[in-house]
Amino acid sequence: MKIFFINHHGGGFADFVEVADGTTVERFFRDKVPGGKPENYLIRVDRQPAGAQEVLHEGQRVSFTPTKIEGAVA
């Protein structure tokens, strides 16, 4: 199935991507942001905050927006 993926990390990009039926938000995040920590991102599905075990469906919009920037000092 296809979903629309928006990644705001670094230069950012948006495109339709193919995912397997039954893919959870957590699995998709781990595939697309290897080594990333979910707590350092605002993860949304159809513009709403998403839970890790939420199953993705055809045509949904998924976005990852970093809330922490590596190297930044608070």
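Matching residues to (1) among the polar types (S, T, N, Q); (2) surrounded by 13 or more Cβ atoms within 10 Å (Cβ to Cβ):
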site	(1), (2)
Lys2	no, no
Thr23	yes, yes
Phe29	no, yes
Gly35	no, no
Pro38	no, yes
Pro49	no, no
Arg61	no, yes
Lys68	no, no
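Listed conditions (1) part of a strand (DSSP E or B); (2) of a type in the set (D, E, K, R); (3) modelled with pLDDT under 95 are all met by Arg44, apart from (3).
The values are calculated or read from the model by the stated rules, or taken from the named source; none is laboratory data. Remember, predicted model here, so these are calculated numbers, not experimental data. Neighbour counts are summed over all protein chains in view; Cβ atoms, including those assigned to glycine, are modelled from backbone coordinates with ideal geometry.
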